[in-house]
Amino acid sequence: MTATETRAVPSSVRVRVPGTSANLGPGFDALGLALSLYDEATISLRSDAEVRFDISGLGADSLPRDESHLLLRSMRTAAQHFGLPMTGVEIWMHNVIPQGRGLGSSAATISAAVAAAWMLRHPERDQLDRAAILTEAADIEGHPDNVAACVYGGLTISWQGARGAAAARVAVDAEIEPVLFEPTYEMPTSLARGLLPRTVSHADAAFTAGRSALLIHALSAAPHLLLDATEDRLHQPYRATAMPESALLCGQLRQAGVPAVISGAGPSVLALCGGQGQLETALDTPLAPGWLRKRLDIGVGLRASLVTE
C-alpha cells in the first residue's frame, strides 16, 4: 500500500439475533434461554444525515421508521459510548421474534444495535467483544437477563457486578426441547412489573431461590427434575390476573406433567420438555382460539459480520 492509498473502512454490518425467554419460572431477572427465533438486520452508515428504514416481517406495518425506532436510538447511544462517528444510517430489518409477547424482542433489537456499533468501531477485530456488548446492551435495556441469552446463546445466568452486567453460559442438556405457546395479545413489560409486590415473604424467597438453583442442574444435567425445578412463588402468581389465559394454560400443562412457565413477563408460555412423554403432551394439549404452538430449538447467540463492497 502506497502513502497515497487508504484502506477502505467497512460501513455496513449484518447482524442476526435470537429471541429469548427470561426467568424460566424461579430464575427471576437472572436466567435466560435463547430460542430459535431470529431477527436479522443490515445496518449501513451514510455520509449524509439521512435515515432510511426497510422493515419486513412482524411489525412491518406498525414499527416506526425514524429516530424513535429502538434500534436506531440504541445504536446512537452505543456509538457515542464506543466512540463511533455516526450521522445518517440505512437499516434493513426482517423480524421473526414476536413483539410484546415475553420473547425478548426489545433485547434482540438493542443487542443487534450495540453489536453493529461495536463492529463498525472495531473493524480490525476478528471476534466480537461479547462482554462489552452485554454491558452496554444491558445498560440500555435496564436488566441483563434477556440480553445475556441473546448475546451468548443457550442458557445464561446474568447479574450486575461492580463493572456492570456480566453473564455465565451453561450448556443445556440435549434432551430438552422447547415448545412455545404464543397468544394473539401483547403484555407490556412495564405493566407486568407493576403487578409485583414491593416485598415477599422469607419463605417464598427461600423456596424460589432453592428452585432456581435446582433449575440450573435440571436444565444442564437432569431434565427429569424440570417440573419441580420450574416452580415459582416470586412473580408468576402475582401476574396471573393480568394474563388469565396464559396462567390457565401454564397450569394445565403443569398438571399434565409438562414443565411450563410464563415466558419472561408474558403472555407467552414456554414448555421445557425433557421427561418421558412431555413433548407429546405439550404438542397434543388443546389450545384456546388464537393461540399458536411452535416447536423450537435452543438458540445460538448473536452473529455479526462486516459487509465490504
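The values are calculated or read from the model by the stated rules, or taken from the named source; none is laboratory data. Computed from a predicted structure; not experimentally measured. So basically every Cβ, Gly included, is an ideal-geometry build from the backbone, and we count neighbours across all protein chains shown.
When Glu186 is tested against (1) modelled with pLDDT under 95; (2) surrounded by 18 or more Cβ atoms within 10 Å (Cβ to Cβ), only condition (2) is not met. Scanning segment 38-65 for residues that are touching a helix residue (DSSP H, G or I) at 6+ places or on another chain (Cβ under 9 Å), surrounded by 20 or more Cβ atoms within 10 Å (Cβ to Cβ), closer than 18 Å to Gln99 by Cα and hydrophobic (A, V, I, L, M, F, W, C) gives a single hit, Ala41.
Consider Arg76 against the criteria (1) in contact (Cβ under 8 Å) with a residue 12 or more places away in the chain; (2) in a helix (DSSP H, G or I): it satisfies all of them except one. Which criterion is unmet? Condition (1) is where Arg76 drops out. Considering segment 270-292, and only residues there that are closer than 17 Å to Leu248 by Cα and free of Cβ contacts under 8 Å to residues at least 12 places away in the same chain, the residue that is surrounded by the most Cβ atoms within 10 Å (Cβ to Cβ) turns out to be Asp284.
How many residues does segment 153-172 hold that are over 16 Å from Gly104 (Cα atoms) and touching a residue at least 24 places away in the same chain (Cβ under 8 Å)? It would help to see each step written out before you state the result.
So in segment 153-172, the residues over 16 Å from Gly104 (Cα atoms) come out as 159-172.
Right, trim to touching a residue at least 24 places away in the same chain (Cβ under 8 Å) and you get 159, 163-167, 170-172.
Total satisfying the criteria: 9.
Considering segment 235-263, the residues that are part of a loop (DSSP other than H, G, I, E, B) and at pLDDT below 95 include one that is surrounded by the fewest Cβ atoms within 10 Å (Cβ to Cβ), namely His235.
Say we look at segment 293-309 and pick out the residues that are of a type in the set (A, V, I, L, M, F, W, C) and assigned to a strand (DSSP E or B); which of these is surrounded by the fewest Cβ atoms within 10 Å (Cβ to Cβ)? The extreme case among them is Val307. Gly290: on the phi > 0 side of the Ramachandran plot and either among the small types (Gly, Ala, Ser) or under 16 Å from the mean Cα position of the chain (by Cα) (or both), yes or no? In short, yes.
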